[in-house]
Amino acid sequence: MKLDRASLLELDRAHVWHPYTPAHDDSRPPLVVARAEGARFWDVDGRSFIDANSSWWVASLGHRHPRLVAALARQASELTHIALGGLTHEPATLLARELVETMPGHDDQALSSDRKLSRVFYSDDGSTSVEVAIKLCAQYWAQSTRASRTRFVALSGAFHGETVGATSVGGIEAFRSVYGPLLFDVVRAPSPGDDLGWRRAIDAIVDELDRHRDTIAAVVVEPLVQGAAGMRIYDPAYLRALREACDRADTFLVADEVFTGLGRTGTFWACEQADVVPDVLCTAKALSGALFPFAATVANERIYDGFRGGRDRAFLYGHSYCGNPLGCAIAREVLAIYREESVLDRVARIAPRVRATFESLAEELPALSRPRSLGAIGAIDLGDQGYLDDKGWRVYEAALERGLYLRPLGDTVYVAPPLVIDDPTLDALLDGLTQSIRAVIAR
Ligand SMILES: *Cc1c(COP(=O)(O)O)cnc(C)c1O
C-alpha cells in the first residue's frame, strides 16, 4: 500500500520530529520524497528536484550510486552485523588499510612513523567520530606523564556535531547556548574565516596555546572550511601555522574532515592543501556514500602507543554498531569509486563554474556580500542578520519552485552539489540558484 502525499503529511505532522525545524511550523510543510538518483530526487507527485547540498553533505557520489547499492546487497548476503569485541572481519580490516593509505602524510618518507595516521576507530556518524577524537586525546594525556593536559581549544563558528562533547567544542552560539550548563569548558579562539582575517586569528590562537601551555589536550578544527558557520573558507596558511604551533606546544591537532573530506574542497582531504598531517582525522558523511550512517576516527601511532600496557589503559569506548560490516563494505566501495572514476577531476571541472556563478551574482547584486568558493562549495551572504534571518528561507522557497533544493545556513546561500553531477544538471542548478536569488534580492 502506498499512501498519498496528504496522508503522509498528516502522519508526519502528528509524529515525526524534524531536525533543525521549528515545532508546528505549518507554513513550510516538508516535501514528500519518493525516490532519488544521482544529483536529483523526486517527490510523490513526480516533481523533480536537484539536490544542491548533497542531502546535508553526504551524497558526494550522488544518490544510489549503482556500485554502492550493489556493494550493500553483496555484503548483506553474507554478514550484516557482528560485534567488534574479540571479533574481526574482512570489511573492517580491508577498509582500515585502504583508509590509512588515503591519509595525509601516508607516503611522506620524512614523516616519522609515530606521526603516521595508522589506527582506525569506527563509529556511526560525524558527531561520534569527533566524540571519539576528544576521548582519545583526553585519555592519552591522562595516562601519560602530562596529566594536566585536559582542555580543548576550538574555534568560534566551529561545528563538530550534536553530542554533548561535540557541542562543547562547537562554537555556534545558536546551537550551544541552551545547553550551556552541560558543556565542558573550552578555550575559544577566533575564526580564521571571519573578516578579522586569518593572520590575526593565528596570532590569537598561538597566544592561547602559549598562555595555556601544558593544559591543552588538543586543538580541534574544521580544515579550510567552517561549514555550518556559513561556509567560512580560510587560507591553508592558517592550518600550516597552527600545525607548527601545536608542535611547539606539544599538543594534538584534530582535523574534523567530516564535511571537507572525500574531495569536497578539491583534494581528497582538505588538510592536503595545507600540506598538514593532523594527529587525528575524523571522517563520516560522504564516507558511506549516502547509504548508511558510518564514521571513522583515524589516530596516529603515537596516540595508539599511549594505550598500550594492559586492561586499565584500554580505550573503554565503542558503539553498538562499531565497525558494522555493511558500513565498512560501502565505504570500501566509496574509496574504490574515488580511485577508479576520477572523482577529483570532476571536482576540478565543477569548481571554476561554481566560482564564476557566485562572483557574477555579487557583481550583479550589490546587496550581496562575500562571494566565496572552494572546490565544489560556493556561497554568498544575503545580509548580516545571521542564522535566524529569513532571507535565506525566501530564496529556499523560490528555489523549490524552480526544482532546486537549496537549504540555506541563515542568510548564507550555498551549494555543495554531488561531485558526480553532470554538466546539464550543474547548469540547471547554477541557473536556478541565480534566478532564485534574483527573485528575492532587489538590484
Ligand atoms: C556534519 C558535521 C558533523 C556531525 O556529523 P553528523 O553525521 O551529523 O553527526 C561534525 N563535523 C562537521 C565538520 C560536520 O560538518
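Each value in this text was obtained by applying a stated rule to the coordinates, not by laboratory testing. Please read these numbers as outputs of a predicted model, since none were measured by experiment. Here the Cβ is made from the backbone with ideal geometry for all residues, glycine too, and neighbour counts use every protein chain on show.
Numerical summary
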quantity: Placed amide H near HIS106: partners under 5 Å, 5+ positions off or other chain; calculated: none
quantity: Built amide H within the under 5 Å cut-off of LEU404, gap 5+; calculated: ILE50
quantity: Residues of region 158-198 with amide N under 20 Å of a point placed 7 Å along Cα→Cβ from SER148; calculated: 185-188
quantity: SER123 long-range amide H proximity, modeled H, under 5 Å; calculated: ALA295, ALA296, THR297, GLY323
quantity: Kirkwood estimate for region 242-338, i.e. one over the average of 1/r between Cα atoms, Å; calculated: 15.1
quantity: Using alpha-carbon coordinates, inclination of helix 126-142 to the longest axis of the chain, degrees; calculated: 20
quantity: Potential extension, ARG438-PHE175 segment - 0.36 nm per residue separation minus Cα distance; calculated: 91.7 nm
quantity: Nearest-0.05 FRET efficiency for ASP45 and TRP393, computed from C-beta distance (R0 22 Å); calculated: 0.50
quantity: Potential extension, ASP203-GLU37 segment - 0.36 nm per residue separation minus Cα distance; calculated: 55.1 nm
quantity: Derived scalar couplings ³J(HN,Hα) [region 216-225; Karplus, 6.51 cos²θ - 1.76 cosθ + 1.60; whole Hz; x for Gly, Pro]; calculated: 9, 7, 6, 10, 10, 9, 8, x, 6, 9
quantity: For the chain, built as a Gaussian network whose Cα springs stay under 10 Å, the top-fluctuating residue of SER288, SER148, SER55; calculated: SER148
quantity: 3J(HN,Hα) from dihedral phi, region 426-442, Karplus parametrisation 6.51/-1.76/1.60, rounded to Hz, x for glycine, proline; calculated: 5, 4, 4, 5, 5, 5, x, 4, 4, 4, 5, 5, 4, 5, 10, 9, 6
quantity: Region 105-182 and region 12-65: distance between their alpha carbon centers, rounded to Å; calculated: 30
quantity: Choice from PRO30, PRO104, PRO325 showing the highest fluctuation, given a GNM over the chain with Cα pairs closer than 10 Å; calculated: PRO30
quantity: Point-to-point label distance, ASP210-GLU162, nm (Cα→Cβ direction, 7 Å offset); calculated: 4.1
quantity: Measure of compaction for region 301-384 (Cα Rg per 2.2 N^0.38 Å); calculated: 1.87
quantity: Projected label distance in nm at THR88 and PHE307, using a 7 Å step from Cα toward the beta-carbon; calculated: 1.3
quantity: Hz values of 3J(HN,Hα) by residue in region 370-382 - Karplus curve (6.51, -1.76, 1.60), Gly and Pro given as x; calculated: 6, x, 8, 7, 7, x, 9, 10, x, 8, 7, 9, 8
quantity: Distance between modelled label sites at LEU3 and VAL69, nm, 7 Å Cα→Cβ extension; calculated: 2.4
quantity: Extension reserve of the ASP12-SER113 stretch, reckoned as 0.36 nm per residue once the Cα distance is removed; calculated: 31.1 nm
quantity: Contact order relative to length of the chain, as percent, for alpha carbon pairs under 8 angstrom and 6 or more apart; calculated: 21
quantity: All aspartates and glutamates inside 12 Å of LYS391 as judged from Cα atoms, apart from same-chain residues fewer than 8 positions distant; calculated: ASP381, ASP411
quantity: Candidates TYR396, TYR304, TYR20, ranked by Gaussian network fluctuation over the chain, Cα under 10 Å, top entry; calculated: TYR20
quantity: Convex hull per residue volume in Å³, alpha carbons only, for the chain; calculated: 154
